1. Could you please let me know if V145 is within 16 Å of the ligand (Cβ to nearest atom) and crowded, with 21+ Cβ neighbours inside 10 Å?
2. Out of all the residues in the stretch 302-314, is one or more in contact with a helix residue (DSSP H, G or I) (Cβ under 7 Å, 6 or more places away or on another chain), modelled with pLDDT of 95 or more and open to solvent by 20 Å² or more (accessible area, probe 1.4 Å)?
3. Return the total of residues in the stretch 73-86 being at pLDDT 95 or above and surrounded by fewer than 18 Cβ atoms within 10 Å (Cβ to Cβ).
4. Among the helices (runs of 4 or more DSSP H) confined wholly to the stretch 397-476, which include 2 or more residues that are under 23 Å from E259 (Cα atoms)?
5. When the residues of the stretch 369-379 are narrowed to those that are part of a loop (DSSP other than H, G, I, E, B) and in contact with a Phe, Trp or Tyr (Cβ under 7 Å, 6 or more places away or on another chain), which ends up farthest from the ligand (Cβ to nearest atom)?
6. Residue under question is D431, and the condition is that it be assigned by TED's automatic domain parsing to the domain that holds L283 and over 23 Å from S459 (Cβ atoms); does it hold?
7. Test D348 against the criterion of being among the acidic types (D, E), outside any helix (DSSP H, G or I) and open to solvent by 10 Å² or more (accessible area, probe 1.4 Å), and give yes or no.
Amino acid sequence: MDDRRVALSLDLASEPRRVLFATAEYAPVVKVGGLSEASSGLVSCLRSMGLDVEVVMPDYGLVTLDDVEESTLEDLPAWAGPVNVRRGWSSTAGLLTLIDFDGSDRPHPYVNPETGEGWPDNVERFALFSAAVAQLAAIGNHEIVHCNDWHTAPAIGLLPEGTASVLTVHNLAHQGEASPDYAERLGLHGQAFLEGGAYNALAGGLSLADSVVMVSESYAAESISVSGGFGLHERLEARGSNLTGIRNGIDLGLWHPNEDPLLPATFDHLDLAGKEVCRKELLYLADLPETKGPVIGLVARLVHQKGVDLALELAPFLDKMGARLVLIGSGSPEIARHAAQTAARYPDVVHAFDEYDERLAHVVVGGSDLLLVPSRFEPCGLTQMQAMTCGTIPVVTDVGGLRDTVTDTDLRPRSGTGYVAAEASAMAMLDAVHRAVRGWSNPRRRASIQRRGMTADWSWAEPALRYESIYDDICG
Ligand code: GLC
């Protein structure tokens with residue numbers, strides 16, 4: 001190679017990769033579930049590695065931006081019409097691109113907060129957003145479009161030739177289905193977006209993306225099974241080595257007990273005195289009496305997946321173990337009612353905060369002794385990692401990312417980091433909680449389980465490197 005070509009290739013090598021990262025949620029500005037935290041955690045880490053990542057999200061009217069640049073996307077498919085783009089700085093989320101389209105402006109991304117029902121035009125709204133994402137990629141010359149879940153999957157069918165694509169699946173249970181004529185109307189690659197006779201936004205993305213990433217290795221394995229694939233297992237299996245599992249990390253800038261401004265006291269694995277202060281504060285806020293047994297926390301969206309009902313079934317047995325249960329989350333009014341009724345029936349044992357609040361969530365995770373994650377399925381799960389960082393011992397079901405992040409201490413006394421229930425049932429949870437209470441009550445055992453969880457690396461560093469190598473592969 002002559003000198004000029006060497007210089008040119010060095011130059012190209014030093015150009016940061018240009019990625020357009022499309023998501024329906026981004027923490028802390030638009031946060032419904034783990035998608036928001038996974039998105040912002042991964043993007044911050046990729047940016048710190050030098051990649052040029054532009055984040056694009058619908059303009060729900062919920063985010064304030066400074067130094068805004070406005071433009072209009074004209075060249076959208078006829079059904080989408082022109083949309084407006086606002087690009088600017090959010091004081092908490094950094095540089096964001098927001099797309100304002102017909103139907104984007106809503107008080108909640110997915111549901112009517114007054115009824116708890118999904119917006120009836122969700123499939124259309126996110127198809128429109130996806131069309132705008134594809135157009136942005138065309139104008140911005142991004143090398144890669146990184147989509148997340150069904151909301152942005154249609155973009156993959158509309159990308160300009162030569163743009164590489166990654167689809168991360170945070171939850172296969174939501175697919176964005178509608179009547180079959182939808183695919184045609186959207187001008188989306190014929191068959192790919194049809195599944196079982198219906199339009200299916202996620203299905204199309206799964207077939208067309210250059211790389212599909214499930215948010216943990218075990219979830220990737222589950223996804224190609226009949227029971228775990230939510231009807232898409234064959235499609236997923238057909239992707240062969242283009243389907244991988246990369247476990248999410250957590251944002252240690254937000255989740256580290258040594259410097260967490262939302263906790264009443266800080267602590268680390270060498271000195272857990274501050275954790276005792278957090279525990280006291282938690283009992284005080286939950287209006288529960290002191291106990292010699294463990295305080296068990298549960299932080300979850302109130303949806304069937306999370307198995308909150310299984311945890312509530314434990315209430316009659318907790319007092320005998322000296323344990324307390326503190327639950328925080330929002331979502332289904334029915335599950336919230338069930339939680340409130342259980343708390344009213346066992347007022348000295350169970351407390352349910354009925355609103356999700358970031359500070360309270362940190363106090364529950366940091367101040368609890370054990371953290372329950374009784375999920376029926378769990379693509380990755382973040383709270384168990386947040387808990388371990390805070391010396392809170394997780395008690396989880398044996399599914400998806402929970403299996404990949406928590407090692408049962410009774411099975412592996414030297415490497416155990418928590419307790420794993422054999423199945424998602426109240427009986428199995430009760431057994432695991434029993435074992436956890438016993439283990440926790442032994443100070444030496446407790447300390448070694450806590451130390452292992454607190455010193456493990458739950459950051460995004462490793463997972464982000466794996467994403468970067470996928471980017472490198474698909475860009476050839
Ligand atoms: C979804 C999944 C959860 C995952 C999160 C982030 O909320 O249910 O398991 O941790 O997305 O990927």
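The values are calculated or read from the model by the stated rules, or taken from the named source; none is laboratory data. The model shown is predicted, which means the values in this text are computed figures rather than measured ones. Because the Cβ atoms are built from the backbone with ideal geometry, glycine has one as well, and the counts that use them run over all protein chains shown. Surface accessibility is based on the protein's heavy atoms, side chains included, excluding ligands, DNA and RNA. Shrake-Rupley method; radii C 1.70, N 1.55, O 1.52, S 1.80 Å.
1. No: the conditions fail for V145.
2. yes
3. Qualifying residue count, the stretch 73-86: 2.
4. Correct list: 443-455, 461-474.
5. For the stretch 369-379, the residue satisfying everything is D369.
6. Yes, satisfied.
7. Yes: the conditions hold for D348.
Each row is one residue, and each column tells you yes or no for (1) in a helix (DSSP H, G or I); (2) touching a residue at least 12 places away in the same chain (Cβ under 8 Å); (3) open to solvent by 10 Å² or more (accessible area, probe 1.4 Å).
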{"residue": "G116", "(1), (2), (3)": "no, yes, yes"}
{"residue": "V123", "(1), (2), (3)": "yes, yes, yes"}
{"residue": "L128", "(1), (2), (3)": "yes, yes, yes"}
{"residue": "A132", "(1), (2), (3)": "yes, yes, no"}
{"residue": "I156", "(1), (2), (3)": "yes, yes, yes"}
{"residue": "L167", "(1), (2), (3)": "no, yes, no"}
{"residue": "N171", "(1), (2), (3)": "no, yes, yes"}
{"residue": "Q175", "(1), (2), (3)": "no, yes, yes"}
